[in-house]
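Below: the structure, in structure tokens.
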Amino acid sequence: MKELQNRQSGILFHPSCFPNDRDAIGTLGDSAYAFVDWLADRGQKLWQILPLNPTGYGDSPYASFSAFAGNPYLIDLIRLHKAGDLVDEDLAGYRPPASSAASVHFGWLYDNKYSILLKAFERFTLKGKGKRKIAFEKFCETNAEWLEDYSLFMAIKCSHGGKPWGEWDKDLRDYGKKINPDQDIIKEDYEFQRYLQWIFFEQWLQLRKYANGKGIKIIGDMPIFVAYDSSDVWAHQNLFFLDESGHSTVEAGVPPDYFSETGQLWGNPLYKWDTMKKNGYTWWVSRIKTLLKLCDIVRIDHFRAFSQYWEVRAAEETAINGTWVDGPGESFFIALNGAFEDGIPIIAEDLGLITPDVEKLRDDFSLPGMKIFEFAPWGSEFFEKDGTQFEFKVHRYLPENYPKNCVGYLGTHDNDTFSSWYRKLPDKQREHVKAYLGEQDERVVLWAAIERLWNSDANMVVASVQDLLGLGEEARLNTPGTCGTHNWSWRLESLDALDEHEVGAKLESITRESGR
């Protein structure tokens, strides 16, 4: 694997969370470029995002219709207007609800954004042969390996009222190249889906080029599992544990843990790793190659499943009654090393129940893991000294104990914000945090924690934009094990907040003084 450079820092800020008063979601438009400028001006070198794939069930970026495709919701309409595919009257009729300034309105987007994107596609198809048509055709040819499957899947799905592919007619469930995309019922939507992907990739790649030109590297995110209702499972059914009707026989999840007493039943179908191994993990190689077009570093979510994963029978209602099953292990990473001669810059999300076999797999391939400040067992390993002071025994989640080859965080997208977490701590544990950081005021405690993180030995450190701004529970992005309207919907109302209360100046100062 490829080693990560030393002493870098950055911010976790997913594009859907960007401000944009012309849309009901953050997009790849002006705010994205302004944020990149802000990162560069404040001495940051990293921008971490969540998966960029189309959101599916529960609007989660970790439950997508494709592990390859991009999310059409993120397409910026103003840039599409500048490209000539939209006109003024199209934009004049597109008015998101005022409340979407602080929260993504996925339902409204579903009902309205595709309609305006369809207008753009229709105007594009009416134009004669030109540079953009040539660029579109080249994109389709270059990405045909996944694009044809995805576009066909989405076209059929739309013709069936959005039903999961397991509920389609048998001749459509049994995927094969025999399905003709020129059928009248799906032809136009098939081309529309290809157009949406071209536009998304075009806009994102322009943004990535701009970020790289500013010295900013993008940390992308890859969920280890894929959604059942996806083009990936439909088009590669031989790679998953499915019954004769195409339904999952076993599903992914995690046993009871920090987040849930009954564990988490994710519902993802499980891979036939032995089958994948026989063909050199070609599907995975293609997946990673596509993601590396979009980002510079790949964070693999739920890394421990490469060693062992929690298997639950599909009939179970919770994840309690599961069992640990061996994953592909070192053979997977040996195959990747062979496929990528220059190596792959990977971050291993090694949180949760981590056993020696997982640590060995991570360390054998020199993969950086993750360290979370909030995960330190505050209070349980403190002892009182002289009645007032507290000292902490050595623990892996304390910044002074971070190894170089890791990425340090206050919390992740699955955690409560730092400020909300701090307020909810039992009094004794909160006092321990104060004693550890040597501060009393809540706002000062936050910046003391950021400073400790930035001054650690970790090669990379990242803070979420919510933590940087000291936001509360209302800004939490996701609560694992739940599926509510609040998840994945938070948005920042204005980038001006990044420089209020000297936030930007403080970050720049700490970054400079910590040598990052």
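For this structure, a couple of remarks:
- P(r) histogram, all alpha-carbon pairs of the range 1-126 included - 10 Å bins from 0, percent: 12, 37, 34, 14, 4, 0
- For the range 8-513, relative contact order (Cα pairs under 8 Å, six or more residues apart, normalised by length) works out to 17 percent.
- Legend: P(r) of the chain from all alpha carbon pair distances, 10 Å bins from 0, whole percents, reading 4, 18, 29, 28, 16, 5, 1, 0, 0.
- From least to most packed, judged by other beta carbons within 10 angstrom and beginning with the fewest, Tyr397, Tyr57, Tyr309 follow the order Tyr57, Tyr397, Tyr309.
- Computed across the range 186-236, the Kirkwood radius stands at 13.7 Å (inverse of mean 1/r, all Cα pairs).
- Space enclosed by the convex hull of the alpha-carbon atoms of the range 1-52, per residue, Å³: 90 Å³
- Distance between the range 73-126 and the range 134-153 - C-alpha centres, whole angstrom: 22 Å
- Charge dipole magnitude, Cβ of K and R +1, D and E -1 - the chain, Cα centre, debye nearest 20: 1400 debye
- A crude spin-label estimate for the pair Gln206 and Asp111, with each label 7 Å from Cα along the Cβ direction, gives 3.1 nm.
- For the peptides 444-451, 278-285, 416-423, the ranking by mean Cβ contacts within 10 Å, running from highest to lowest, is 416-423, 444-451, 278-285.
- Counted over the chain, the DSSP beta bridges are approximately 45% antiparallel.
- Residue order, fewest to most beta carbons within 10 Å, for Asp111, Asp76, Asp363, Asp88: Asp88, Asp111, Asp363, Asp76
- Phi-derived couplings, Karplus 6.51 cos²θ - 1.76 cosθ + 1.60 at θ = phi - 60°, listed residue by residue for the range 227-233: 6, 4, 7, 9, 5, 5, 6 Hz, with x used for Gly and Pro.
Just so you know, all these numbers are worked out from the coordinates, no wet-lab data involved. Just so it is clear, the model here is predicted, and its values are computed rather than measured. Neighbour counts run over all protein chains shown; Cβ positions are idealised from the backbone, glycine included.
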